[in-house]
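Trainee: Sharing a structure with you now.
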Amino acid sequence: MVFSSPHKSTSFFFVFLIIAALGSVFLVWQRNVINGFLVLGEELNWEAPKLRPVVFNLTDFGGVGDGVTLNTKAFERAVSVISKFRNQGGAQLNVPPGFWLTSPFNLTSRMTLFLARDAVILAVQDEKYWPLMPALPSYGYGREHPGPRYSSLIHGQNLKDVVITGHNGTINGQGQTWWTKHLHKLLNYTRGPLVQIMYSSDIVISNITLRDSPFWTLHPYDCKNVTIKNVTILAPVYHAPNTDGIDPDSCEDMLIEDCYISVGDDAIAIKSGWDQYGIAYAKPSKNIIIRNLVVRSNVSAGISIGSEMSGGVSNVTIENILVWESRRAIRIKTAPGRGGYVRQITYRNITFHNVRVGIVIKTDYNEHPDDGYDPTALPILRDISFTNIRGEGVRVPVRITGSEEIPVRNVTFHDMNVGITYKKKHIFQCAFVEGRVIGTIFPKPCRNFDQYNEQGELVKQAVSQNVTDIDYEI
């Protein structure tokens, strides 16, 4: 039986039907959009649009799309030639229909990598073909193992003006072997992402499918001016460990929109470094817009901030999001030792469907790179707002777990109606948080919040900011 606000349950049902219909239309529409231009009708013959002054095909460099031939040298030769055109507007590399097996390769500046419909770039599964790289400076550790880490399949560093797009072609990491070896502790180094762009600017990734990454799927690191649009990201929702969808890491001026993500970890996780290494690197993630997404995460969260947020995260807007069949919908996670801050975070028009916990803020996510972290480096969490939150089939709509040393301040809820799966007294759970609720909030908020009406008049003052109503059994 589902308990919900009776005067809004019917309207919510119709709203959800509309969202579901729009989601299905989006998945069809996505296949026919190239860099914002709608392509009507079926393609009779494949021909890539010319997006650069010079265009090459992978077959020009000896590529063979039979799923067996290793095409690493073909990609490397193509990139080498394209690099010579960077002062003439760059060049485009078309990947035709076929299965293009490759080990990791690098991109170059002013390059467009264009994947045809039915083009699949396949990652070779044997790790001996994957080069090792130094640990990320803001992590100081290989994330899973000390020392170096495996490269991403498609990699770029110190680049400008790079586009990865297509007619919804696929980059497939074939991660099953990596997941099995990781779960059985057979790897000596941290797994590599599927696509990683580092220290770069003016990056566009659009209209492609990314699937079955060995580790995090799409990892922009210390980048500026990044657009990710019309991207589908897939991995099994169970037994595909750490296959985050998109992890903006110490990035600024970033737009993520019109994407569908269903993976084995966080669909999106905004990061900025880990403990003392992230504090020293001091590169925040800021000025990020995330909108118009459908996401799913059975084992983690739809959209997360942290837990590696030691460089700080600020000025983030997350809006028009549907999270379905997930363990958690929205999560901010941190711990003593992280330092940094999470502030000026806006959530708007968020819908939950069959989600165990809707909104989570957790301040005791105690995972550290080594014993050198400073437990007195306490993160600051403040200025976080939630507006127009809707849901059905939710066990716990809100669980905010601040602490005496890491209180959560200035949290605002405005217009919230979430249908819960069963009644329990402390369904809206809070500890060491202060803020306000405005207008109609269902279910009833905890006592930590000042309550205001829609006219901005104080109706009821908070009893205490330190009331603890956390129940992990539900």
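The values are calculated or read from the model by the stated rules, or taken from the named source; none is laboratory data. None of the values given here were measured: they were computed from a predicted structure. No Cβ is skipped: glycine too gets one built from the backbone with ideal geometry, and neighbour counts run over all protein chains shown. To get the accessible areas, we keep the full protein, side chains included, count just its heavy atoms, and leave off ligands, DNA and RNA. Shrake-Rupley method; radii C 1.70, N 1.55, O 1.52, S 1.80 Å.
The rows are residues; the columns are (1) under 25 Å from residue 336 (Cα atoms); (2) touching a residue at least 60 places away in the same chain (Cβ under 8 Å).
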{"site": "206", "(1), (2)": "no, yes"}
{"site": "223", "(1), (2)": "no, no"}
{"site": "227", "(1), (2)": "no, no"}
{"site": "254", "(1), (2)": "no, no"}
{"site": "267", "(1), (2)": "yes, no"}
{"site": "305", "(1), (2)": "yes, no"}
{"site": "312", "(1), (2)": "yes, no"}
{"site": "315", "(1), (2)": "yes, no"}
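Trainee: Also: Tell me whether segment 369-376 contains one or more residues that are without any contact (Cβ under 8 Å) to a residue 12 or more places away in the chain and of a type outside the set (Val, Ile, Thr). Step through it out loud before you land on a result.
Mentor: Within segment 369-376, the first condition is being without any contact (Cβ under 8 Å) to a residue 12 or more places away in the chain, and the residues that meet it are 371.
Narrowing further to those that are of a type outside the set (Val, Ile, Thr): 371.
Yes.
Trainee: From 258, 244, 275, which residue is charged (D, E, K, R), in contact with a Leu (Cβ under 9 Å, 6 or more places away or on another chain) and under 26 Å from residue 363 (Cα atoms)?
Mentor: On the way: 258 fails: under 26 Å from residue 363 (Cα atoms); 275 fails: in contact with a Leu (Cβ under 9 Å, 6 or more places away or on another chain).
Selected residue: 244, the only one of 258, 244, 275 that is charged (D, E, K, R), in contact with a Leu (Cβ under 9 Å, 6 or more places away or on another chain) and under 26 Å from residue 363 (Cα atoms).
Trainee: Only one of 342, 323 is more than 16 Å from the chain's Cα centre (by Cα), of a type in the set (Val, Ile, Thr) and either under 25 Å from residue 234 (Cα atoms) or surrounded by 24 or more Cβ atoms within 10 Å (Cβ to Cβ) (or both); which?
Mentor: Details: 323 fails: more than 16 Å from the chain's Cα centre (by Cα).
Every option except 342 fails the conditions.
Trainee: Turning to a different aspect of this structure: Using the structure shown, decide if residue 340 is among the small types (Gly, Ala, Ser) and within 21 Å of residue 312 (Cβ to Cβ). Steps first, please.
Mentor: Values: among the small types (Gly, Ala, Ser): yes; within 21 Å of residue 312 (Cβ to Cβ): yes.
Spelling it out, residue 340 is indeed among the small types (Gly, Ala, Ser) and within 21 Å of residue 312 (Cβ to Cβ).
Trainee: Would you be able to tell me the number of residues in segment 349-376 that are open to solvent by less than 20 Å² (accessible area, probe 1.4 Å) and either at pLDDT 95 or above or within 17 Å of residue 416 (Cα to Cα) (or both)? First the steps, then the outcome.
Mentor: First pass over segment 349-376, keeping only residues open to solvent by less than 20 Å² (accessible area, probe 1.4 Å): 350-352, 355, 357-361, 363, 369.
Checking which are either at pLDDT 95 or above or within 17 Å of residue 416 (Cα to Cα) (or both) leaves us with 350-352, 355, 357-361, 363.
Summing the residues that are open to solvent by less than 20 Å² (accessible area, probe 1.4 Å) and either at pLDDT 95 or above or within 17 Å of residue 416 (Cα to Cα) (or both) in segment 349-376 gives 10.
Trainee: Quick one: is residue 67 modelled with pLDDT under 95, at positive phi and surrounded by fewer than 16 Cβ atoms within 10 Å (Cβ to Cβ)? First the steps, then the outcome.
Mentor: Numbers: modelled with pLDDT under 95: no; at positive phi: yes; surrounded by fewer than 16 Cβ atoms within 10 Å (Cβ to Cβ): yes.
The answer is no for residue 67.
Trainee: Of the residues 150, 129, only one is touching a residue at least 12 places away in the same chain (Cβ under 8 Å) and either in contact with a Gly (Cβ under 9 Å, 6 or more places away or on another chain) or at positive phi (or both); which?
Mentor: On the way: 129 fails: either in contact with a Gly (Cβ under 9 Å, 6 or more places away or on another chain) or at positive phi (or both).
Only one candidate qualifies: 150.
Trainee: Looking at (1) of a type in the set (A, V, I, L, M, F, W, C); (2) open to solvent by 20 Å² or more (accessible area, probe 1.4 Å); (3) in contact with a Pro (Cβ under 8 Å, 6 or more places away or on another chain), which one does residue 186 not meet, given that it meets all the others?
Mentor: Unmet condition: (3).
Trainee: Of everything in segment 348-381, what is over 24 Å from residue 143 (Cβ atoms) and of a type in the set (D, E, K, R)? Give them in sequence order.
Mentor: Once the filter is applied, which keeps residues that are over 24 Å from residue 143 (Cβ atoms) and of a type in the set (D, E, K, R), segment 348-381 yields 348, 356.
Trainee: Condition check: within 20 Å of residue 71 (Cβ to Cβ) and open to solvent by 20 Å² or more (accessible area, probe 1.4 Å). Does residue 104 satisfy that? Break it down into steps so the answer makes sense when it comes.
Mentor: Values: within 20 Å of residue 71 (Cβ to Cβ): yes; open to solvent by 20 Å² or more (accessible area, probe 1.4 Å): no.
When the stated conditions are applied, residue 104 does not pass them.
Trainee: Okay, next question. State whether one or more residues within segment 278-287 are more than 12 Å from the chain's Cα centre (by Cα) and closer than 20 Å to residue 144 by Cβ. Write out each step before concluding.
Mentor: Within segment 278-287, the subset more than 12 Å from the chain's Cα centre (by Cα) is 278-287.
Right, trim to closer than 20 Å to residue 144 by Cβ and you get 278, 281.
Checking segment 278-287: at least one residue is more than 12 Å from the chain's Cα centre (by Cα) and closer than 20 Å to residue 144 by Cβ.
Trainee: Something else now. Residue 120 is checked against (1) free of Cβ contacts under 8 Å to residues at least 60 places away in the same chain; (2) open to solvent by less than 10 Å² (accessible area, probe 1.4 Å); (3) in a strand (DSSP E or B) and fails just one. What number does that condition carry?
Mentor: Only one criterion is unmet by residue 120, namely (2).
Trainee: Got a number for residues in segment 395-415 being part of a strand (DSSP E or B), buried (at least 17 other Cβ atoms within 10 Å of the Cβ) and in contact (Cβ under 8 Å) with a residue 60 or more places away in the chain?
Mentor: 3
Trainee: Now for a different question. Is it the case that residue 85 is modelled with pLDDT of 95 or more, more than 29 Å from the chain's Cα centre (by Cα) and not polar (S, T, N, Q)?
Mentor: So residue 85 passes the test.
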